[in-house]
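Worksheet for the structure shown next.
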Amino acid sequence: MDLMFKALADETRRELLDRLLTHPGQTLSELCADLKMSRQSVSKHLKILQQAELVTVQWRGRNKLHFLNPVPIADIGRRWLDKFSASKMDAIHNLRVAVESTDHSTDHKTDHYRGRDNDDG
């Protein structure tokens with residue numbers, strides 16, 4: 001999983017994944033189009049994505065086609081993001097609002113160290 005997080009941390013690799021999401025099965029040349037980096041650099045990024053199992057390849061004749069593999073990203077969603085589902089976040093937000101709106105009067109403080117009221121402030 002560390003390889004995947006490392007791969008996703010880079011903006012260029014995320015852009016490559018976005019391109020493969022919208023246009024699956026691209027060659028290296030197609031992925032290099034409109035990127036301001038060398039073909040060799042793009043190839044290195046793709047290698048990291050493949051090692052992280054975020055990209056798979058298929059050979060069609062002489063063409064090496066790249067595809068997004070959404071399974072590892074879905075696994076992250078199930079393992080990490082589902083813990084923070086909308087209903088849980090709504091409940092936490094509502095609790096926070098309720099706690100913050102409670103009247104915290106500072107007119108009368110308790111001296112917790114001596115167990116008595118302290119009107120000094």
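Do we find that Leu35 is hydrophobic (A, V, I, L, M, F, W, C), at pLDDT 95 or above and either out of contact with any Pro (no Cβ under 7 Å at 6 or more places or on another chain) or surrounded by 15 or more Cβ atoms within 10 Å (Cβ to Cβ) (or both) in this structure? No: the conditions fail for Leu35. Among the residues of the range 10-46, just one is in a loop (DSSP other than H, G, I, E, B), under 19 Å from Val71 (Cβ atoms) and under 22 Å from the mean Cα position of the chain (by Cα), namely Pro24. Residue count for the range 47-92, restricted to those that are over 19 Å from the mean Cα position of the chain (by Cα), under 22 Å from Phe5 (Cα atoms) and part of a helix (DSSP H, G or I): 1.
For the range 61-88, the set of residues classified as closer than 18 Å to Leu28 by Cα and touching a residue at least 24 places away in the same chain (Cβ under 8 Å) consists of Asn63, Lys64, Leu65, His66, Phe67, Leu68, listed by residue number. Listed conditions (1) at pLDDT 70 or above; (2) surrounded by 10 or more Cβ atoms within 10 Å (Cβ to Cβ); (3) over 14 Å from the mean Cα position of the chain (by Cα) are all met by Thr102, apart from (2).
The values are calculated or read from the model by the stated rules, or taken from the named source; none is laboratory data. Remember, it's a predicted structure, so these values are computed and weren't measured experimentally. Virtual Cβ from ideal backbone geometry, glycine too; neighbours counted across all protein chains shown.
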